[in-house]
1. Do you know which of the residues in segment 109-147 that are assigned to a strand (DSSP E or B) and touching a residue at least 40 places away in the same chain (Cβ under 8 Å) is farthest from GLY52 (Cα to Cα)?
2. With ARG136, ARG128 as the choices, which residue is more than 30 Å from TYR8 (Cβ to Cβ), touching a His at 6+ places or on another chain (Cβ under 7 Å) and surrounded by 14 or more Cβ atoms within 10 Å (Cβ to Cβ)?
3. Just to be sure before I move on: is THR53 within 28 Å of the chain's Cα centre (by Cα), modelled with pLDDT under 95 and among the β-branched types (Val, Ile, Thr) in the structure I sent?
4. If you take the residues in segment 21-49 that are of a type in the set (A, V, I, L, M) and either surrounded by 14 or more Cβ atoms within 10 Å (Cβ to Cβ) or touching an Asp or Glu at 6+ places or on another chain (Cβ under 8 Å) (or both), which one is nearest to THR144 (Cα to Cα)?
5. Being closer than 19 Å to THR147 by Cβ and either touching a Ser or Thr at 6+ places or on another chain (Cβ under 6 Å) or surrounded by 13 or more Cβ atoms within 10 Å (Cβ to Cβ) (or both) is the filter here; which residues of segment 1-20 pass it?
Amino acid sequence: MQKDFPLYRKRFIIVFLFSLIFVGIVNEGAHFLLKEKTDRPPETVEISIPAGTAKKVEAGQADPSIPSELTFVIGDTLLVTNKDDVPHELGPLWIPADSSASLLMENANKYTLGCTFQPSRYLNFDVRSRTTATSRFQAFALATPPTAMFFFLYSLLVYPLKGKEKKKEELDASTSP
């Protein structure tokens, strides 16, 4: 077994390098797909409730200018401006006619708030953590070692190492008459 250690070490180094590349591709691929929603600084997102919205909601119609779902990052501020002639509510916000109210997004979570300007009476939104270079590096650093171990063990199952003694025995058996 001691004689075979360099073979295992060589295999592990190769598998580890492969894992670095594999995890890097998966990590950056996920970042590329999600970066529009989470790779930005906090900002103010405004929803404007147009005049006549209360009447549309009573008739069961949604105003197309008001989204039914939103995505935020931690630190975003939701600013709701009410241009309707009746007051509206969104969760803890009370928005009188011709005024506005804001809500700071402090915790990452999926929320459903009671809402008087949607026919469903609810507004769904998702608050996500910002994607930073540090968080991307942490994901990469945490995923690489277990991936390397998995690939290493799998490689040993699929392609077992033949020790020097076994190779010598096979060579002797093939050369003897």
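1. ARG128
2. Selected residue: ARG136, the only one of ARG136, ARG128 that is more than 30 Å from TYR8 (Cβ to Cβ), touching a His at 6+ places or on another chain (Cβ under 7 Å) and surrounded by 14 or more Cβ atoms within 10 Å (Cβ to Cβ).
3. no
4. Checked segment 21-49; the qualifying residue nearest to THR144 (Cα to Cα) is VAL23.
5. Answer for segment 1-20, where residues must be closer than 19 Å to THR147 by Cβ and either touching a Ser or Thr at 6+ places or on another chain (Cβ under 6 Å) or surrounded by 13 or more Cβ atoms within 10 Å (Cβ to Cβ) (or both): TYR8, ARG11, PHE12, ILE14, VAL15, PHE16, PHE18, SER19, LEU20.
Residues checked against (1) out of contact with any Lys or Arg (no Cβ under 7 Å at 6 or more places or on another chain); (2) modelled with pLDDT of 85 or more:
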{"position": "ARG130", "(1), (2)": "yes, no"}
{"position": "THR134", "(1), (2)": "yes, yes"}
{"position": "ALA148", "(1), (2)": "yes, yes"}
{"position": "GLY163", "(1), (2)": "no, no"}
{"position": "ASP172", "(1), (2)": "yes, no"}
{"position": "THR175", "(1), (2)": "yes, no"}
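The values are calculated or read from the model by the stated rules, or taken from the named source; none is laboratory data. These numbers were taken from a predicted model, which means no experiment stands behind them. Here the Cβ is made from the backbone with ideal geometry for all residues, glycine too, and neighbour counts use every protein chain on show.
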